[in-house]
Amino acid sequence: MPTSSNPPFPAALRLFSVAVIIVLIVGAGLFFAPVLVKPGWPWAVTPFNARFLGGFYTAEMVVMAALLFWNRWSPGRLVLVMAFIFTIIVSVASFINLGYFNFGRKAPWLWFLVYLASVAVSGLFLWRARARPSAKGVTLNPAWRGYMPVELAILGLYGVGLLLFPLTFSSIWPWPVDAFHAQVYSAIFLAGAGGIYLVWRSAPREELLVLGLAQFLVGLLAILGLVITDAAVHRIDWTATGTLCWLALFGWIGISGAFKLYAASRYFSSQSAS
């Protein structure tokens, strides 16, 4: 996209993005090397929660890398909005559940510092850019225009449910999830809903691509993490209704992301051909 309609981000935001990626590498360690990372995590996590969180942080790390790669208002707008929603909800959930944190250790202090700093930086930048229109987007076909509000409603309502009624809405999860983790997980669904809303309103190619990549990785790594962890502990009832619903939910998220990636690749191909 031309620089005039899709300007670059300031250098300070790029430096902040690098710092966030470094932190996310640690979080991704919960997926790839949980035995090494769990002892230093800000609170005690079970094997399934550790792997699930690690999968999400891996997806978030890839999305932040996309922001560094493009360094433009698009897809930066999408990344920052999703990051702001996620970090502010997780921060609130953490303050509500302070009993999970041992402040005699450094890790909880670093947790709150990183999350509050992320809320402040992403919120400040979005506020300063509030009058800037989105970058020029592609025209979504009628099928996408009709599908995205449904996807937005499902993710948004489920995210609100996990936040306000955590034990009720997390009852379908294949492993026991306490109120704190359910509220943290609500941020994943609400951040995704925020991203879908932006792309539905205006769909720059880069944002469609990044949103699709995020959803594909979240769905894939959630299911893969469940399979890997259960292979070691053997505690999942794979025929239980709740487990099947959970697999269907994250399978749908991953497949939806894959279709967005395909749609974005077609838009890029048509642009190159023209």
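The values are calculated or read from the model by the stated rules, or taken from the named source; none is laboratory data. Keep in mind the model is a prediction, meaning the values are calculated, not measured. Here the Cβ is made from the backbone with ideal geometry for all residues, glycine too, and neighbour counts use every protein chain on show. Quick note on the areas: whole protein, heavy atoms, side chains included, nothing else; ligands and nucleic acids left out. Shrake-Rupley method; radii C 1.70, N 1.55, O 1.52, S 1.80 Å.
Summary table
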{"quantity": "Cα-based equivalent ellipsoid of region 83-210: semi-axis lengths in Å, sorted from largest, via gyration tensor", "calculated": "30, 21, 9"}
{"quantity": "Degrees, to the nearest 10: 205-233 long Cα axis against longest axis of the chain", "calculated": "20"}
{"quantity": "Residue-by-residue Karplus 3J(HN,Hα) for region 170-185, coefficients 6.51, -1.76, 1.60, Hz, glycine and proline x", "calculated": "8, 5, 7, 5, x, 10, x, 10, 7, 4, 4, 5, 4, 5, 4, 5"}
{"quantity": "Options ASN102, TRP238, ASN141, ranked by Cα towards positive dipole end of the chain, top entry (Cβ charges)", "calculated": "ASN141"}
{"quantity": "Dipole magnitude of the chain about its Cα centre (Cβ charges: Lys, Arg +1; Asp, Glu -1), debye to nearest 20", "calculated": "760"}
{"quantity": "Degrees, to the nearest 10: 11-32 long Cα axis against longest axis of the chain", "calculated": "40"}
{"quantity": "Charged-residue dipole, Cβ positions (Lys, Arg, Asp, Glu), region 95-175 about Cα centre, Debye nearest 20", "calculated": "400"}
{"quantity": "Whole-Hz ³J(HN,Hα) from phi, Karplus 6.51 cos²θ - 1.76 cosθ + 1.60, for region 148-163, glycine and proline x", "calculated": "4, x, 5, 4, 4, 5, 5, 5, x, 5, 5, x, 5, x, 5, 6"}
{"quantity": "Reach of LYS38 by Cα under 21 Å, taken over lysines that are not fewer than 8 positions away in the same chain", "calculated": "LYS106"}
{"quantity": "Local net charge near PHE125, Cβ-Cβ under 11 Å (Lys/Arg +1, Asp/Glu -1)", "calculated": "+4"}
{"quantity": "Solvent-accessible surface (1.4 angstrom probe) belonging to LEU80, in square angstrom, nearest 10", "calculated": "10"}
{"quantity": "Amide H within-cut-off set for ALA203, under 5 Å, with H built and near neighbours excluded", "calculated": "GLY137, VAL138"}
{"quantity": "Backbone HN-Hα couplings from phi across region 242-255 [Karplus 6.51/-1.76/1.60, Hz, Gly and Pro as x]", "calculated": "x, 4, 5, 5, 5, 5, 5, 4, 6, x, 4, 4, x, 5"}
{"quantity": "Helix 106-128 axis, angle to the chain major axis (alpha carbon atoms, nearest 10°)", "calculated": "20"}
